[in-house]
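Every number in this text was worked out from the coordinates using simple rules, so none of it is lab data. Bear in mind the structure is a predicted one, so any value in this text is a computation, not a measurement. Every residue, glycine as well, gets a Cβ built from its backbone with ideal geometry; the counts of neighbours run over all protein chains shown.
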Amino acid sequence: MFSETVELRGHIIDSLILPKVLDQILTRGAGFKIAEIKIGQKRADQSFARIEVTAETSEALDELVLRLRQHGAETVERADIQLAKAPEDGVFPHDFYVTTNQQTFVRFDGKEIEVRPAMMDSAVALDRKKRAARAVKFFDVNEGDEIVVGHQGIRVVPVQRSTSHTDIFQFINTMVDADEPKSAVIRELGQELRRAREENGKIAIVGGPAIVRTGAGEHLVRLIEMGYVDRLFAGNAFAVYDVERALFGTSLGKNPDRAFAGGGHENHMRAINIIRACGGIAVAVQKKILTRGILHACVEHKVDIVLTGSIRDEGPIPGVTTDVFEAQKIMRKKLADVTHVLLLGTVQHSMAVASMLAPTVKTVCVDIDSAAVERGVEHQPLQSIGLVTDVEPFLRELVECIAKPENASREK
Amino acid sequence: MRELLLCPPDYYGIEYEINPWMSRARGADTPLVQAQWKGLFDTLSKLDCQVELIPPRPKLPDMVFTANAGLTVGRRFIPSNFRHKERAGEAPHFAHWMEEHGYEIVWLPKNLYFEGEGDALFGGDVLFCGYKFRSDINSHRAVADILGCLVISVELVDPRFYHIDTCFCPLPDGGAVWFPAAFDEYGQSTIRDHLRDLIDVAPEEAAHFSCNAVVLDRDIVLPEGAPKLVATLRERGYTCHPLPMTEFLKAGGACKCLTMFMPQREKAT
């Protein structure tokens with residue numbers, strides 16, 4: 001949203017100029033916030049109002065402000081940003097502005113420019129020629145780049161509670177604890193995902209090995225088959241357990257289908273070896289060596305798989321990006337157009353993804369550990385829901401709601 | 001006794017087009033101009049007022065419309081800042097004349113357009129000011145600062161009625177004659193809030209500039225062509241003096257545009 005502050009002075013109450021200006025803002029689809037108002041006490045006293053006007057586009061704002069000027073609205077001059085040059089590659093100037101993940105604007109040459117992407121823990125680089133402001137990480141910055149310093153000329157717009165409708169993300173109180181009912185919330189989530197798919201949203205799953213180990217893999221496969229997953233973000237372990245489960249029936253030696261299963265502790269190493277021998281997951285699917293499981297479903301249904309490694313990894317299996325900075329870049333790129341994210345049974349990966357999300361991305365975090373859920377949702381106020389529960393019953397119920405929406409609507 | 005300022009129409013003519021009434025293809029008939037202006041001068045002179053004349057200047061054809069010279073309250077004169085360069089030359093002559101006649105001249109900032117009594121009329125204890133076509137709303141604030149009175153700003157929406165005195169005429173009994181459609185809904189609403197006994201003028205009569213009237217206590221001097229309004233005013237006890245104004249209507253003016261009160265009010269509050 002683009003914004004301008006205007007001031008009205010005079011007999012703006014008796015003349016109905018204030019209500020007229022506010023009406024004009026609203027009827028043109030823009031919004032306002034009265035930052036300050038002083039009403040004259042005596043008949044001849046003049047009144048004063050400072051109004052923050054916001055509009056969807058810079059052009060709409062300019063046109064609106066031009067109209068408001070006719071009725072006496074005067075724009076308030078605001079200061080431009082301050083800039084300093086990066087002293088060397090990979091180093092920001094002292095006192096560089098550190099971004100949040102909220103929508104941010106910088107004022108340069110009297111005009112606001114939106115910082116893209118909305119990415120937390122970055123600096124802001126300004127391209128004077130293109131009049132563009134870019135959120136940059138350390139590895140992105142080159143000596144001499146102009147970087148915003150201090151706080152002058154910066155405006156951050158937190159995500160607002162919608163005034164036109166209430167969705168599940170704004171309706172419930174962010175966290176649903178272990179001892180609270182979840183069915184109604186899961187039903188609503190199912191509807192939200194259906195809406196997302198109808199409106200060409202992009203849904204990403206961030207999955208931990210718990211999905212495979214708890215036996216929730218088959219539910220995720222159904223979700224993929226129904227077309228509700230566009231991208232899968234996971235670590236090496238997730239991929240290894242899924243392949244092990246597909247090839248040997250176990251994940252890290254445990255068989256989710258049997259209460260007691262002996263042996264198999266070496267299966268995950270054999271699974272890695274088989275995929276390495278094939279040259280990758282897609283090849284294994286192609287050669288019909290890998291014929292089931294989550295990754296198989298992803299390959300079959302053309303779901304983007306983004307696998308990144310960690311210190312504890314065995315292997316890794318081919319396709320896992322082990323350079324963490326390279327992995328960050330890939331993840332950011334693959335998250336850029338995502339509208340909905342499900343963070344399922346993983347702490348580290350969820351936190352990494354959550355820190356890269358734009359503030360408007362709707363986020364669902366499911367974990368058995370409430371601390372993990374809290375950390376997963378803290379970056380997305382008004383856009384996230386956390387459920388403290390085992391991921392298996394959550395996914396099972398979600399898939400049922402999506403597969404049979406009539407049941408969900410009957411229960412409503 | 002009220003004092004009025006008029007300017008003989010020696011150089012009057014349609015020499016440019018700055019409002020929808022003006023067309024250089026439809027010039028004024030000079031003998032008729034003289035006769036109609038003299039009709040106004042004679043009528044006013046017979047009423048309870050004193051008429052002063054400012055010498056006309058060549059190449060300033062609209063100087064005849066003295067209502068746009070400025071706004072006079074007590075011994076203070078706020079000269080106009082004309083929006084159109086065609087009329088800007090009038091301002092120093094009016095200011096000079098007023099100064100010579102003992103008025104204190106209070107200029108508005110040059111960046112604020114304000115067209116004097118044409119856009120500023122007292123009704124009750126409120127100064128009603130029109131804006132958009134000629135005067136800027138921010139000039140009203142400056143006028144309020146100078147005079148210390150309540151100024152109600154109303155938006156004019158019909159370009160034919162480009163000054164407030166073309167569509168609004170306060171009466172001494174606290175009411176006003178007006179053509180509501182010349183104002184936006186907020187302007188209509190605030191005028192209704194502040195004045196009682198408003199007399200709505202029919203569109204066909206408003207088009208004859210019936211609201212452009214000079215009110216001197218119970219006498220009202222107005223253009224011909226408004227029989228319904230005249231009847232209503234007579235019922236209220238006013239004496240109406242309808243005058244032919246066709247030649248001045250060609251420039252978008254009539255009785256009130258040709259007249260400025262000195263002062264319009266003794267005190268602003």
With a cut-off of 13 Å, note down the residues of segment B:187-218 whose backbone N falls inside the zone around a label point 7 Å from the Cα of B:ALA181 toward its beta carbon. B:201-208
When the Cα centres of segment B:231-248 and segment B:73-134 are compared, how far apart do they sit, in Å? 27
If R₀ is 22 angstrom, what is the calculated FRET efficiency for the pair A:LYS85 and A:HIS151, using the beta carbon separation as r and rounding to 0.05? 0.70
Name the long-range amide H neighbours of A:VAL136: under 5 Å, sequence gap of 5 or more, or other chain; modelled H, no Pro or chain starts. A:ALA123, A:VAL124, A:ALA125
Taking A:ILE81, B:ILE105, A:ILE12, A:ILE154 and counting other beta carbon atoms within 10 angstrom, the fewest-first order is B:ILE105, A:ILE154, A:ILE81, A:ILE12
Restricting to aspartates and glutamates and to Cα separations under 18 Å from A:LYS302, and discarding same-chain partners fewer than 8 apart, the set is A:GLU218, A:GLU225, A:ASP230, A:ASP242, A:ASP337
For the protein assembly as shown, projected area of the alpha-carbon convex hull averaged over all directions, nm²: 41.8
Excluding same-chain residues fewer than 8 positions from A:LYS85, which aspartates and glutamates have a Cα within less than 15 Å of its Cα? A:ASP95, A:ASP127, A:ASP140, A:GLU143, A:ASP145, A:GLU146
Of A:LYS202/A:LYS333; B:LYS38/B:LYS267; A:LYS202/A:LYS404; A:LYS182/A:LYS362; A:LYS254/A:LYS362; A:LYS20/B:LYS132, those spanning more than 23 Å from alpha-carbon to alpha-carbon: B:LYS38/B:LYS267; A:LYS254/A:LYS362
Peptide B:153-166: average number of partner chain Cβ atoms within 10 Å per residue? 1
As a Kirkwood estimate from alpha-carbon pairs, segment A:82-157 has a hydrodynamic radius in angstrom of 11.9
Report the dimensions of segment B:83-174 along its three principal axes from the alpha-carbon atoms, largest first, rounded to Å. 34, 28, 21
Regarding segment B:1-78, what are the three Cα extents along the principal axes, ordered largest first, in Å? 41, 28, 22
For A:SER183 and A:MET226, what does the FRET efficiency come to when R0 = 22 Å and r is the distance between their Cβ atoms, rounded to the nearest 0.05? 0.65
Across B:117-130, the residue-averaged tally of Cβ atoms belonging to other chains within 10 Å stands at 1
In what sequence, highest mean first, do A:37-50, B:134-147, B:173-186 appear when ranked by Cβ atoms within 10 angstrom? B:134-147, B:173-186, A:37-50
A correct Karplus calculation of ³J(HN,Hα) over segment B:152-160, with 6.51 cos²θ - 1.76 cosθ + 1.60, θ = phi - 60°, whole Hz and x for Gly and Pro, returns 9, 8, 10, 7, 8, 10, 10, x, 5
Helix-only mean residue ellipticity at 222 nm for chain A, each DSSP H run of n ≥ 4 adding -39500 (n - 2.57), per residue, nearest 500: -10000 deg cm²/dmol
Over 21 Å apart: what share of the alpha carbon pairs of segment B:162-269 falls there, rounded to a whole percent? 32
Inter-chain shielding metric for A:5-11, i.e. average beta-carbon neighbours from other chains within 10 angstrom, reads 4
Length-normalised contact order of chain A, Cα under 8 Å, at least 6 apart, in percent, tallies to 15
Would you mind ranking A:ARG222, A:ARG128, A:ARG292 by Cβ crowding within 10 Å, fewest neighbours first? A:ARG128, A:ARG292, A:ARG222
Chain B: C-alpha gyration tensor shape, a/c 1.5 cut-off, then a/b vs b/c: rounded
Rounded to the nearest 0.05, FRET efficiency between A:GLU63 and A:LYS33 (Cβ-Cβ, R0 22 Å) equals 0.65
If amide hydrogens are placed 1.01 Å from N in the peptide plane, which non-local residues have theirs closer than 5 Å to the one on B:ARG57? none
What is the distance, in nm, between label points placed 7 Å from the Cα along the Cα-to-Cβ direction at B:GLU224 and at A:GLN41? 5.8
Hey, which aspartates and glutamates would be in cross-link range of B:LYS85, C-alpha to C-alpha under 16 Å, not counting anything within fewer than 8 residues on its own chain? B:GLU15, B:GLU17, B:ASP62, B:GLU115, B:ASP136
Please report how far the C-alpha centroid of segment A:320-364 lies from that of segment A:67-125, rounded to the nearest whole angstrom. 25
Rg/Rg_ref, segment A:2-75, where Rg_ref = 2.2 N^0.38 Å and atoms are Cα: 1.06
Quick one: net charge of A:GLU374's neighbours, Cβ under 13 Å, K/R +1, D/E -1? -3
Expressed as a whole-number percentage, the relative contact order of segment A:2-75 with C-alpha contacts under 8 angstrom and at least six residues apart is 45
Pull up all non-local amide H partners of A:ILE385: gap of 5 or more, or a different chain, and H-to-H distance under 5 Å with H placed in the peptide plane. A:THR363, A:VAL364, A:CYS365
